[in-house]
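This report concerns only the one structure given below.
Quick note: the coordinates plus some simple rules give every number you see, no bench work behind them. In this text the structure is predicted, and so the values were computed from the model without any measurement. Please note: Cβ atoms are built from the backbone with ideal geometry, for glycine as well, and neighbour counts cover all protein chains shown.
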DNA sequence: AGTACCACCTGACGGC
DNA sequence: TGCCGTCAGGTGGTAC
């Protein structure tokens, strides 16, 4: 799940559970997700500190850890299957500890666990969040970029609009699922050329993008809670289009499967 | 600049 | 039941 809305939900979860607790130590039973650090390295950085604030940029989550020398932040990226669990005492029966990759132990017996069945994901630390974002080549966050900036970025692109929306160096946060939703609600086919859309349509895509991401966060990314008329809960080949009653179809775009409604998306 | 693959991992699912 | 191919919401690298 982890696109911008999912990561925003994780951020709020972490902020409501894990701030202002002393960190006793860190374990990394899945060290493959650690990049540029080691289990002991991460432990040395975090031990004795406490998380004080959170920040999301695109699909990355930064967690500021204060109480030691210099600024240090935990950096989390959730790959395709990652998420967080917090618990006090032992893990409940529903917690998938088999796939726990990083565990932060707080004094008093609470734990924050980064779980990722497929170890595609990233956990590290940085002393410079801005520098990290720059190194990764991330564009502005999809909820932060303004309308004119968005139109400028999209204009002059020769590739498919879907791949432009998903290009993290242009705009950070949109992935395969939400690009489908945004294009569906904008009435634009996934294989339309971004540069062919025109200013008016691009402004509409920008407005729809903001609305969709916001609604997804509000729905806590639960498809059942999405507003009516959303494609996401019907994102299945042959399903009934929630707007026109036609059939949802798929096509390949940038090596990914795009779901769309030929009846609603003609642009 | 854009695309087309491959790779990294694991699990679920359909077909035989 | 088992084996096999395919697919899955991520990014990063290479080669054309």
Ratio Rg/Rh [Cα only; Rh per Kirkwood] for the range A:88-174: 1.14
Simple spin-label estimate for residue A:251 and residue A:144 in nanometres, 7 Å along Cα-Cβ: 3.3 nm
Separation in nanometres of the label points that stand 7 Å from Cα toward Cβ, at residue A:38 and residue A:53: 3.3 nm
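Cα gyration tensor of the range A:147-260, axes a ≥ b ≥ c as square roots of the eigenvalues: rounded (a/c below 1.5), prolate (a/b > b/c) or oblate?
Numbers: a/c = 1.74, a/b = 1.36, b/c = 1.28.
Cα axes put the range A:147-260 in the prolate bin.
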Under the Debye formula (equal points on every Cα, no solvent term), log10 I(q)/I(0) of the range A:1-63 at q = 0.18, 0.21, 0.24, 0.30 Å⁻¹: -0.78, -1.00, -1.13, -1.13
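Of all the Cα-Cα pairs you can form in the range A:24-177, what percent are over 21 Å apart? Intermediate values should be presented prior to the final figure.
Details: 5937 of 11781 pairs.
More than 21 Å apart: 50 percent of the Cα pairs in the range A:24-177.
Ratio of alpha-carbon Rg to the 2.2 N^0.38 Å globular estimate for the range A:123-196, to two decimals, please.
In units of the globular-protein estimate, the range A:123-196 measures up at 1.20.
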Pair residue A:224, residue A:12: separation of 7 Å Cα→Cβ label points (nm): 1.7 nm
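Which shape class applies to the range A:165-210: rounded if a/c is under 1.5, otherwise prolate when a/b exceeds b/c and oblate if not, where a ≥ b ≥ c are the square roots of the Cα gyration tensor eigenvalues? Write down the numbers at each step before the final one.
Details: a/c = 1.44, a/b = 1.31, b/c = 1.10.
The shape class here is rounded.
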GNM flexibility winner over chain A from A:41, A:79, A:175 (Cα, springs under 10 Å): A:41
Degrees, to the nearest 10: A:4-17 long Cα axis against longest axis of chain A: 30 degrees
Kirkwood hydrodynamic radius of chain A, from inverse mean 1/r over distinct Cα pairs, in Å: 19.6 Å
Between 0 and 90°, nearest 10: helix A:176-186 axis offset from chain A longest Cα axis: 40 degrees
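Starting from the Cα gyration tensor of the range A:41-123, take the square roots of the eigenvalues, sort them a ≥ b ≥ c, and report rounded, prolate or oblate (rounded when a/c is under 1.5, otherwise prolate if a/b is larger than b/c, else oblate).
Values: a/c = 2.03, a/b = 1.20, b/c = 1.69.
Cα axes put the range A:41-123 in the oblate bin.
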